[in-house]
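Shown next, in structure tokens, is the structure this report addresses.
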Amino acid sequence: MQQHALLTKEEVKKSIVGKLQRHNGCSLAEATPNQIYKAVASTIRDQIMAKLVAARRAIREANGRRLYYLSVEFLMGRSLLSNMLNLCATSAYREAFAELGIDMEDLLREEPEPGLGNGGLGRLAACFMDSLATLNLPAMGCTIRYEYGLFRQRIVDGQQVELPDNWLEHGNSWEIPAPEDSVEVRFGGRLEEDWSSGELHVRHMDYTPVIAVPYDMPVTGYDNDMVNVLRMWSARAPKSFDLASFGRGNYQQALEVRGMAEVLCKVLYPEDDHFEGKQLRLSQHYFFTSATLQFLIAEYKREHGDDLHRLHEKVVIHINDTHPGLAIPEMMRLLMDNEGFSWEDAEYVVTHMVAYTNHTILSEALERWPEDLMRTHLPRIYQILQEMNRRLCERLWQRFPGDWDRIAQMAILAYNQVHMANLCVAYSYSVNGVSKLHGDILKRSTFHDFHLVMPEKFSAITNGITHRRWLMLANPRLSALITEAIGDKWHTDAEALRELLPLREDAAFRESFARVKRENKLRLSQWLILNQREGFDPDCLLDVQAKRLHEYKRQLLNALHLLVLYNRIVDNPDYDMPPRCVIFGAKASPGYRRAKLIIRFINAVSDLVARHPRASKLLKIIFLENYCVSAAEVLIPAAELSQQLSTATKEASGTGNMKFMMNGALTIGTLDGANVEMDAAVGRENIYIFGARAGEVEAIYAGNTYQASTVFENNQEIRRAMTQMIDGTLAEAGVFNELYHSLLFGDHGGMADPYLVLKDFGSYTMAQKRISADYRNADKWQRMAIANTACSGIFASDRTIREYNDNIWHLAPARW
Ligand code: 26W
């Protein structure tokens, strides 16, 4: 493929030096690393802006449909290198840096990382943005401009400590403020209704107004002219509530309005596993959703005139999980109250415009707002929800006469709660899951009854990752090797990676593949030394589990197994295994006590192993601090084994699993989420599958047939490791009692070992044995590793986005 760099090396040099002169009044030699970073970013930004202007005009003129992708999280990672890559400018810049004496790695570290997401859901949204732009699809990502992203994690004495992430402190080189698109969002207050000329008019009085101001972050497509934006909404108090100009009597109210605006976008909620009905969170969701809808209506009117009856033909709103689900009643409100629509007309437009993706079946993560909170905080929205609920229940009554229990399960309002998932399923035109298995579970279980009533809405589109960030950018060595072998068409057609498959038989290719992996391990080790003063031997097997910390992801299974390995080594002076370095990367939600305890347990096992002379030669356990996008970019290319251990049915898809696979790691995993499809793609001989299958897990939960104590009694190794949890081997006695107790007895009347750690332990151990044996056979291992990269193409988000577009969005690619 033809690659079009915009600037030559000489032009790059000139523009960097020129920026420093004009912006900072200094020469390159005098500039600080941060000034140089900003100058470089600014040269890239100029090129993007030129494209943005042209793209916006072309999209306007094409007059086609547009996507608004609403997500409360976008975990974008750094932009400088990915923009360089997408502009095909990396080599021009690399050469310019070399001649100017700029260290590229140092420079890249200067960029603050926008961590505006928790994990999978937010990173998926970011991958989607890359693929949308690359496929020329007109789309806007819409979210909140949090002042503080996800907390920075430090490990102190083996325990997690959270620090604030003030990512905007030194400015953001990428954002473009768009104050002209500001809108007002209203909270609280009361409703006045009056019937005039035969119609009901609702007036919202005494509300608290907040101004939503957008900041746009450009998102470039790869090797094309497309630029979309991520629109981040920020809150400020209305000018009329300026304290100085405010009369005494309303001083209190002015203070309240200012307070609301100040806290609204302050911080991202760090929970991605547990829902709590906090008012501020509800405000955040409504704030960016309402602002987005008001803006898209204004934009539509500018281009198509004031009549909104065909809005759904030009606009599709995608809601990333239920968090932006208030888009549904909010659009009803805007159409009825501002545009004079009847209920029926408004409902027609809304139900043809909103599409919904579900990302979790864990019931504790499903959003259910207290009705009282909704009533007092968003009174008009609440009123609309009541009417939507009335109509839905009426319809369900026709279908299931007398079946009150079932109808209550499906209702929007029931048991004093607003059930967001039911709202989204009932009123979206599309409901989809994020892997085949997850899509099936939604149909047969989570939304079973809805599936009976409206089967046509349901689909499953397996998640994907942008292989440009996760392979080209993160793993330049492997990328160069691949391009040398099969050319560069895989940059825009990831399925072309399949052409690597026959190269498994090529000894020289296997050797190069192995060399790249070793160099990446070395790079990671150096990075770890720099960041936490602890590296590892690049000749050991590098085994990684990196993801949010959650009981269902079963980091505890991994850690218990390491304790068992330790015991084997200690017991047997001749015990032999290929030396391993096991890395954990995981943030625990600050309020999730048990998850934090698991981090402490991992670190205690790590210390125990490190203190034993023989064990520490065969095993090293590193807890990587502050796992985030840029850490993942160094970690994943180095990994040889990827641990994907979720209890079957619990991980909707997983996306980390795909990143590791693409970078040539082998997976040890359960048949859960997208692992099922990875297994099918790569073949059972190239993956280590263990543990209970989804059907068996469902049967256990349904019938309460599993007894954790039986495993404990029959498996001596597990019994010993668990005893070490509580007998003072790892920490003062008592510290890990809670973990022990939960595995053996369960919590407050629940079943023992609810995530089936003990149940799957035996089969996990067997799989690990095979791994150690296979790793000794370097040829075999490299063949399997190559097969994983070669078969990973279907997990590129380009494929995911094509499927969303063909089946749900129907956008026309922009061309100019
Ligand atoms: C309200 C609290 C809350 C916040 C976020 C609950 C749930 C969430 C997300 C839905 C959690 C999440 O990130 N889910 C992950 O989504 C990924 C992208 O589809 C999947 O790959 C993961 O399997 C799923 O856990």
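Centroid-to-centroid, using Cα positions, the stretch 370-401 and the stretch 262-290 are 22 Å apart.
The three principal axes of the Cα atoms in the stretch 529-631 give end-to-end lengths of 43, 29, 19 Å, sorted in falling order.
The GluC sites (Glu not before Pro) of the stretch 271-374 that meet both conditions, a loop assignment by DSSP and at most 11 other Cβ atoms within 10 Å of the site Cβ, are E276. Taking all protein chains into account, the per residue accessible area for the stretch 724-808 stands at 38 Å² (1.4 Å probe).
By definition, a body whose alpha carbon gyration tensor gives a ≥ b ≥ c is oblate when a/c is 1.5 or more and a/b is not larger than b/c, and the stretch 118-272 fits this oblate description. When each of the peptides 378-387, 590-599, 81-90 is scored by the mean number of other C-beta atoms lying within 10 Å of its residues, the order from highest to lowest reads 81-90, 378-387, 590-599.
Computed over the chain, relative contact order equals 13 percent, with contacts defined as Cα pairs under 8 Å that lie 6+ residues apart. Any chance you could tell me what percent of the C-alpha pair distances in the stretch 47-120 go past 15 Å? I get 71 percent for the Cα pairs in the stretch 47-120 exceeding 15 Å.
Packing-based ranking of 569-575, 750-756 yields 750-756, 569-575, ordered from highest to lowest mean Cβ neighbour count within 10 Å.
May I ask you to derive the FRET efficiency for E262 and E495 from their Cβ-Cβ distance with R0 = 56 Å, giving the value to the nearest 0.05?
On the way: r = 49 Å, r/R0 = 0.87.
So the FRET efficiency works out to roughly 0.70.
In order along the stretch 309-325, phi translates into HN-Hα couplings of 5, 10, 3, 5, 6, 10, 10, 10, 10, 9, 9, 7, 6, 7, 3, x, x Hz, rounded to whole numbers, per the Karplus curve 6.51 cos²θ - 1.76 cosθ + 1.60 with θ = phi - 60° and x for Gly and Pro. What the stretch 290-412 shows is 38 Å² of accessible area per residue, with the surface traced by a 1.4 Å probe over protein heavy atoms. Scalar couplings 3J(HN,Hα) for the stretch 663-668, obtained by applying the Karplus form with A = 6.51, B = -1.76, C = 1.60 to θ = phi - 60°, are 8, x, 8, 8, 9, 9 Hz; x denotes Gly and Pro.
How high is the relative contact order of the stretch 472-589, in percent, counting Cα pairs under 8 Å that sit 6 or more residues apart? Mind showing how you got there, number by number?
Details: 85 pairs, mean separation 27.0, N = 118.
Over the stretch 472-589, the number comes to 23 percent.
In terms of overall dimensions, the stretch 83-141 has a Cα radius of gyration and Dmax of 15.0, 41 angstrom.
Write down the percent of antiparallel bridges among all DSSP beta bridges whose residues are both part of the chain, to the nearest 5. Don't jump to the answer; show the numbers that get you there.
Details: 35 of 81 bridges.
Around 45 percent antiparallel, to the nearest 5.
The Cα center of the stretch 306-359 and the Cα center of the stretch 736-778 differ in position by 46 Å.
Spread over its residues, the convex hull of the C-alpha atoms of the stretch 560-620 is 71 Å³ per residue.
Dividing the radius of gyration of the alpha carbons in the stretch 473-585 by their Kirkwood radius gives 1.06 for Rg/Rh. Inter-part distance, the stretch 403-449 to the stretch 615-662, computed on C-alpha centroids, equals 32 Å. Sequence-ordered 3J(HN,Hα) estimates for the stretch 619-625 from the Karplus curve with 6.51, -1.76 and 1.60 and θ = phi - 60° stand at 9, 9, 10, 10, 9, 6, 6 Hz, glycine and proline given as x.
Taking a quarter of the surface of the Cα convex hull of the chain gives a mean projected area of 37.3 nm².
For a test of the definition: using alpha carbon positions, the gyration tensor, and the 1.5 limit on a/c, classify the stretch 75-175 as rounded, prolate or oblate. Oblate.
Considering only protein heavy atoms, what per residue accessible area in square angstrom results for the stretch 1-110 with a 1.4 angstrom probe? Intermediate results must be reported in sequence, preceding the final value.
Numbers: 5150 Å² over 110 residues.
Here the per-residue accessible area is 47 Å².
Close amide-amide hydrogen proximity is noted between G654 and A674, each under 5 Å apart and 5 or more residues distant or on a separate chain (H modeled in the peptide plane; Pro and chain starts excluded). Here the accessible area is traced with a 1.4 Å probe on the protein chains. For the stretch 429-499, carbon and sulfur cover 51 percent of it. Against the compact-protein benchmark of 2.2 N^0.38 Å, the Cα-based radius of gyration of the stretch 1-141 scales to 1.17. Between amide H atoms placed 1.01 Å from N, distances below 5 Å from S430 occur with Y356, all of them 5 or more places distant or on a separate chain. Can you check what the Kirkwood hydrodynamic radius comes to for the stretch 612-655, Cα pairs only, in Å to one decimal? One over the average 1/r among Cα pairs gives 13.4 Å for the stretch 612-655. Between the amide H of I689 and those of G669, distances stay under 5 Å, these residues lying 5 or more places away or on another chain, with hydrogens modeled in the peptide plane. The fraction of accessible area contributed by carbon and sulfur in the stretch 139-241 is 47 percent, rounded to a whole number (1.4 Å probe; ligands and nucleic acids excluded).
The values are calculated or read from the model by the stated rules, or taken from the named source; none is laboratory data. What you are looking at is a predicted structure, and each value in this text was computed from that prediction instead of being measured. With ideal geometry, Cβ positions are generated from the backbone for all residues, glycine too; neighbour counts draw on all protein chains shown. Only protein heavy atoms, including side chains, enter the accessible area calculation; ligands, DNA and RNA are left aside. Shrake-Rupley method; radii C 1.70, N 1.55, O 1.52, S 1.80 Å.
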